[in-house]
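Trainee: The structure is given below, and queries will be raised subsequently.
The values are calculated or read from the model by the stated rules, or taken from the named source; none is laboratory data. The shown structure was predicted, so the numbers you read here are calculated from the model rather than taken from an experiment. Note that we place each Cβ from the backbone using ideal geometry, even for glycine, and neighbour counts take in every protein chain shown.
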């Protein structure tokens, strides 16, 4: 049942966003007539948390594949965050899902979990005196910057290139990375067409959701072994 609920919820989230997704919409897909299907995950936020875990794991794998063996941590950091910026431009429901994920307690905690240690590895040489608490605060700052840029959609005036230049430079500057180090990386990132990769991640997520839903439904119909 939990797999059916997650699959149905993901479909509704992708179409309606988080705020627009109701328990009735999910219940209708699952075929539940009494009570909210979200209670299997605690609440609606719990369902979103499971969905976010899938989305973010897909992002990390995609970026690792795109780098073709280039393990520059500054580049990996810039590419992963750039990919997120492209994902939220696919649709307004996706934008709202990501902004919500960076806002709600459990989902934002998942996104930032352990990031202070990763940031220390990536940017430690530029901030050698930073303490563990410093890295935790810097992670809060970068999450806030990311959320703010996600909220603002691209327009003719605010193109994706302009947004990314401002966003990435803001993040790198926060960690005292010299311009001579990060500016070539930004130029390298901007030469990559992330839009197809963003759509590919969503397509794979939807496909996996469909497969899980069909498998769950088939399991319900399977005869009980004696």
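Trainee: Could you please give the count of residues in region 121-133 that are free of Cβ contacts under 8 Å to residues at least 40 places away in the same chain and surrounded by 18 or more Cβ atoms within 10 Å (Cβ to Cβ)?
Mentor: Narrowing region 121-133 to residues free of Cβ contacts under 8 Å to residues at least 40 places away in the same chain: 124-125, 128-133.
Remaining after also requiring surrounded by 18 or more Cβ atoms within 10 Å (Cβ to Cβ): 130.
Residues in region 121-133 being free of Cβ contacts under 8 Å to residues at least 40 places away in the same chain and surrounded by 18 or more Cβ atoms within 10 Å (Cβ to Cβ): 1 in total.
Trainee: Consider residue 185 carefully, then state whether it is in a helix (DSSP H, G or I), modelled with pLDDT of 95 or more and either at positive phi or crowded, with 18+ Cβ neighbours inside 10 Å (or both). It would help to see each step written out before you state the result.
Mentor: Values: in a helix (DSSP H, G or I): yes; modelled with pLDDT of 95 or more: yes; either at positive phi or crowded, with 18+ Cβ neighbours inside 10 Å (or both): yes.
It is true that residue 185 is in a helix (DSSP H, G or I), modelled with pLDDT of 95 or more and either at positive phi or crowded, with 18+ Cβ neighbours inside 10 Å (or both).
Trainee: Residue under question is residue 93, and the condition is that it be out of contact with any strand residue (DSSP E or B) (no Cβ under 8 Å at 6 or more places or on another chain) and surrounded by 15 or more Cβ atoms within 10 Å (Cβ to Cβ); does it hold?
Mentor: On the way: out of contact with any strand residue (DSSP E or B) (no Cβ under 8 Å at 6 or more places or on another chain): yes; surrounded by 15 or more Cβ atoms within 10 Å (Cβ to Cβ): yes.
Criteria met by residue 93.
Trainee: So, of the residues in region 96-105 that are surrounded by 19 or more Cβ atoms within 10 Å (Cβ to Cβ) and not in a loop (DSSP other than H, G, I, E, B), which turns out to be nearest to the chain's Cα centre (by Cα)?
Mentor: Across region 96-105, the extreme among qualifying residues is 98.
Trainee: Quick one: which of 161, 200 is farther than 24 Å from residue 52 by Cα, in contact with a helix residue (DSSP H, G or I) (Cβ under 9 Å, 6 or more places away or on another chain) and assigned to a helix (DSSP H, G or I)?
Mentor: Numbers: 200 fails: farther than 24 Å from residue 52 by Cα.
Exactly one of 161, 200 is farther than 24 Å from residue 52 by Cα, in contact with a helix residue (DSSP H, G or I) (Cβ under 9 Å, 6 or more places away or on another chain) and assigned to a helix (DSSP H, G or I), namely 161.
Residue-wise test of (1) modelled with pLDDT of 95 or more; (2) under 20 Å from residue 102 (Cα atoms).
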| site | (1), (2) |
| --- | --- |
| 150 | yes, yes |
| 154 | yes, yes |
| 160 | yes, no |
| 168 | yes, yes |
| 179 | yes, no |
| 201 | no, yes |
| 206 | no, no |
| 209 | no, no |
| 213 | no, no |
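Trainee: Could you run through region 59-73 and say how many residues are surrounded by fewer than 18 Cβ atoms within 10 Å (Cβ to Cβ) and in a helix (DSSP H, G or I)?
Mentor: Kept after step one, since they are surrounded by fewer than 18 Cβ atoms within 10 Å (Cβ to Cβ), are these residues of region 59-73: 60-61, 64-73.
Filter once more, so that each one left must be in a helix (DSSP H, G or I): 60-61, 64-66, 73.
Of the residues in that region, 6 qualify.
Trainee: Okay, moving on. Among the residues of region 134-143, are any part of a loop (DSSP other than H, G, I, E, B) and either over 23 Å from residue 166 (Cβ atoms) or free of Cβ contacts under 8 Å to residues at least 12 places away in the same chain (or both)? Show your work before the answer.
Mentor: Keep residues of region 134-143 that are part of a loop (DSSP other than H, G, I, E, B), which gives none.
No, that holds for no residue.
Trainee: Next question. I'd like the residue in region 2-28 that is in contact with a helix residue (DSSP H, G or I) (Cβ under 7 Å, 6 or more places away or on another chain) and free of Cβ contacts under 8 Å to residues at least 40 places away in the same chain and, out of all such residues, is nearest to residue 203 (Cα to Cα).
Mentor: Restricting to residues being in contact with a helix residue (DSSP H, G or I) (Cβ under 7 Å, 6 or more places away or on another chain) and free of Cβ contacts under 8 Å to residues at least 40 places away in the same chain, the top hit is 12.
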